[in-house]
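Data block below; observations after.
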Amino acid sequence: MSVDVYHFFLQNELKKEWLKLTAPSPLAEKDSPLRTFYLTINQKDIDGLNSNLPESGKEKYVNAIMKSSDNNKIRNVQLRYRGDTNLHWLNEQKSLRIKLKNNTYNMEMKFNLINPPHAYSFIDSVNYEQAKKLGLLSPQYYPVRVFINGKYMGLYYYLSQIDEST
């Protein structure tokens, strides 16, 4: 690791800590215009996902419980990390692939909660909306809030999982 690379990561960590210290508490669910996802995961399973990243985060699904603010239905789900670059799994806020057991959410059996990899992730939202206006098939993509084991993890993007059924 060079001095420049170390300096980059140090500066990045300091910025994140400064944001944590100065950011206001998240809005109450009733005051937020965004959907909120509440995930409950056994700490042993989280430790397993984090044990040897990136391989350990994507090699198997772990059981979890999910509730969303739009209908308050409690669902049994399985989840794992997703994403090919360290932007998705290097930090505390990791991108997730959710697979539902015996039920659906928004008529989907799988979907993703994406850690925005950069400040201009909203461009994807604009592109997907333009595709819909042109009559093209495009996944659902919108910002959501995520809590894991009661801890606010921040803003994510909901992204439909495109598969062979599309």
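So the values come out like this:
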| item | result |
| --- | --- |
| Enumeration of residues in the range 56-98 that are under 17 Å from residue 37 (Cβ atoms), among the acidic types (Asp, Glu) and free of Cβ contacts under 8 Å to residues at least 60 places away in the same chain | 70 |
| Every pair of residues 6+ apart whose Cβ atoms lie under 6 Å, when the first sits in the range 138-149 and is free of Cβ contacts under 8 Å to residues at least 60 places away in the same chain while the second is open to solvent by 30 Å² or more (accessible area, probe 1.4 Å) and part of a loop (DSSP other than H, G, I, E, B) | 139/162 |
| All positions within the range 35-58 that are more than 28 Å from residue 73 (Cβ to Cβ), in contact with a Leu (Cβ under 8 Å, 6 or more places away or on another chain) and not hydrophobic (A, V, I, L, M, F, W, C) | 56 |
| Count of residues meeting criterion [surrounded by 14 or more Cβ atoms within 10 Å (Cβ to Cβ) and charged (D, E, K, R)] in the range 43-57 | 1 |
| Scan of the range 1-53 for residues that are in contact with an Asp or Glu (Cβ under 6 Å, 6 or more places away or on another chain) and of a type outside the set (S, T, N, Q), ordered by number | 35 |
| Some residue of the range 117-125 being at pLDDT below 85 and either within 18 Å of residue 41 (Cα to Cα) or in contact with a Gly (Cβ under 9 Å, 6 or more places away or on another chain) (or both) | yes |
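Yes/no per residue for (1) surrounded by 10 or more Cβ atoms within 10 Å (Cβ to Cβ); (2) within 26 Å of residue 141 (Cβ to Cβ); (3) among the acidic types (Asp, Glu); (4) in contact (Cβ under 8 Å) with a residue 12 or more places away in the chain:
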site	(1), (2), (3), (4)
8	yes, no, no, no
13	yes, no, yes, no
22	no, no, no, no
26	yes, yes, no, yes
36	yes, yes, no, yes
41	yes, yes, no, yes
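This table checks each residue for (1) surrounded by 15 or more Cβ atoms within 10 Å (Cβ to Cβ); (2) out of contact with any Leu (no Cβ under 7 Å at 6 or more places or on another chain).
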{"residue": "97", "(1), (2)": "yes, no"}
{"residue": "103", "(1), (2)": "no, yes"}
{"residue": "124", "(1), (2)": "yes, yes"}
{"residue": "144", "(1), (2)": "yes, no"}
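The values are calculated or read from the model by the stated rules, or taken from the named source; none is laboratory data. On a predicted model such as this, the values are computed, not experimentally measured, just so you know. Because the Cβ atoms are built from the backbone with ideal geometry, glycine has one as well, and the counts that use them run over all protein chains shown. In case anyone asks, the SASA skips ligands and DNA or RNA and just uses the protein heavy atoms, side chains included. Shrake-Rupley method; radii C 1.70, N 1.55, O 1.52, S 1.80 Å.
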